[in-house]
Amino acid sequence: MEALGGYTLTSLYLLKNPHVLHRRKRTAFYCTHISHRGGCGERIESTMEAFTHAVEQGTQMLELDCHLTNDGHVVVSHDENLRRQTGHDVTVSSLKLQDLPLYKERLEVTFFSGRFSSGADRRFALLEDVFRKFPEMPVSIEVKENNHQLIEKISDLVKRYNREEITVWASVKSSIMEECRRTNDSMPYSFTMSRGVVLLLLYYSGLLPFVPLGESLLQFYLPHIFNRTFIPEQPILRNKVVVYLLDKVTMRKSLFKHLAARGIQVHLFVCNKDEDIKAAFELGATGVMSDYPALLSNYLSRNRRQD
């Protein structure tokens, strides 16, 4: 019992004072304001107009997803199949760049059910265009498919535009993240889903303060939004009890404070109302991801959180 008590006290002390064992990570960026899909509530998602608008509103990071066209161009698109975005049941990989359809004139905002965005720009953007126009803007790139050619081309563009320190590898799947890191291990990277589970197990077992972490970012849902602004496709996530348990297990202020003290940024998404932005920061998030960059900027301005 004495050994268990000593372990518990040591673990709690190191949870609050991680600098005793770990050198604080020093990323080249620190982002409070992140624009999800380029701020897809105020302009059509992932278009150059959306990215430009988000930057003009003061965003500090652009979040986006990439796919590869049939003729080898890295296109910014959340989906591989373009039915939701364009109304055409085709895939990015089956088309040449010049044959990509236009976005719909009005597009429903995934994380704000019943709300729509529109804009003058309905064309798919190239990742290179984003890098060229915003050379100093941090970008988080989610890779959804284990496509070596896609990952290699993203890495090549990152190197060509000399932005390895400000471009983040992100993926839900660990197998994809491993391929990303094999291709370019100079870029910071975020937690995958399975690594997030490991993080929680380490936290609840008391082992977290003793374990080194390679990740620089934790990007995760704010469960408060489930079945309010965001209706999940998975039936299990529409269950109030499941969402309640997910919230209680994952939204731990002491965990987020520990990560932040180790220099690991915590971004909660997708916060599209003032009450959700407030909840995320009160939980200890270092940054908030929103579909509404102007809304987030207004909130940060009123609450003096933005640098």
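Residue by residue, here is whether (1) part of a strand (DSSP E or B); (2) open to solvent by 50 Å² or more (accessible area, probe 1.4 Å); (3) of a type in the set (A, V, I, L, M) holds:
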| position | (1), (2), (3) |
| --- | --- |
| Arg123 | no, yes, no |
| Ile151 | no, no, yes |
| Val168 | yes, no, yes |
| Cys180 | no, no, no |
| Ser186 | no, yes, no |
Checklist entry - How many residues are open to solvent by less than 10 Å² (accessible area, probe 1.4 Å) and free of Cβ contacts under 8 Å to residues at least 24 places away in the same chain if we restrict to the range 254-299? => result 1
Checklist entry - In the range 209-245, how many are more than 22 Å from Leu12 (Cα to Cα) and without any contact (Cβ under 8 Å) to a residue 24 or more places away in the chain? => result 17
Next on the checklist: Tell me yes or no: at least one residue of the range 261-270 is touching an Asp or Glu at 6+ places or on another chain (Cβ under 9 Å) and more than 25 Å from Tyr204 (Cβ to Cβ).
Outcome noted: yes
Item to check | Members of the range 61-71 found to be surrounded by 19 or more Cβ atoms within 10 Å (Cβ to Cβ) and not hydroxyl-bearing (Ser, Thr, Tyr), listed by number | outcome: Met61, Leu62, Glu63, Leu64, Asp65, Cys66, His67, Leu68
Checklist entry - Is it the case that some residue within the range 14-27 is closer than 24 Å to Val75 by Cβ, open to solvent by 30 Å² or more (accessible area, probe 1.4 Å) and assigned to a loop (DSSP other than H, G, I, E, B)? => result no
Checklist entry - With respect to Thr47, is the statement that it is among the hydroxyl-bearing types (Ser, Thr, Tyr) and either at pLDDT below 95 or under 24 Å from Thr286 (Cα atoms) (or both) true? => result no
Checklist outcome for this item: When (1) within 30 Å of Val249 (Cβ to Cβ); (2) open to solvent by 80 Å² or more (accessible area, probe 1.4 Å) are applied to Glu145, the one that fails is (2)
Next on the checklist: Give me the residue from the range 72-97 that is open to solvent by less than 30 Å² (accessible area, probe 1.4 Å) and not in a loop (DSSP other than H, G, I, E, B) and, out of that set, nearest to Arg304 (Cα to Cα).
Outcome noted: Val76
Checklist outcome for this item: Considering residues that are under 13 Å from Met187 (Cα atoms) and assigned to a loop (DSSP other than H, G, I, E, B), the number found within the range 132-147 is 1
Item to check | Single unsatisfied condition, Val55 versus (1) open to solvent by less than 40 Å² (accessible area, probe 1.4 Å); (2) hydrophobic (A, V, I, L, M, F, W, C); (3) in contact with a strand residue (DSSP E or B) (Cβ under 8 Å, 6 or more places away or on another chain) | outcome: (1)
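Can you name the residue in the range 103-121 that is of a type in the set (Phe, Trp, Tyr) and touching a residue at least 60 places away in the same chain (Cβ under 8 Å) and is also surrounded by the fewest Cβ atoms within 10 Å (Cβ to Cβ) among such residues?
The residue in question is Phe112.
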Checklist entry - Looking at Arg302, is it farther than 29 Å from Tyr203 by Cα and surrounded by fewer than 22 Cβ atoms within 10 Å (Cβ to Cβ)? => result yes
Checklist outcome for this item: Residues in the range 75-128 that are under 15 Å from Asp291 (Cα atoms), touching a helix residue (DSSP H, G or I) at 6+ places or on another chain (Cβ under 7 Å) and of a type in the set (Asp, Glu) total 0
Next on the checklist: Residues that are in contact with a helix residue (DSSP H, G or I) (Cβ under 7 Å, 6 or more places away or on another chain), open to solvent by 70 Å² or more (accessible area, probe 1.4 Å) and more than 19 Å from Ala260 (Cβ to Cβ): does the range 201-210 have at least one?
Outcome noted: no
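The values are calculated or read from the model by the stated rules, or taken from the named source; none is laboratory data. Since the model is a prediction, treat every value here as computed from it, not as a measurement. Glycine also receives a Cβ, built like all others from the backbone with ideal geometry; neighbour counts cover every protein chain displayed. Accessible surface areas use protein heavy atoms only, side chains included; no ligands, DNA or RNA. Shrake-Rupley method; radii C 1.70, N 1.55, O 1.52, S 1.80 Å.
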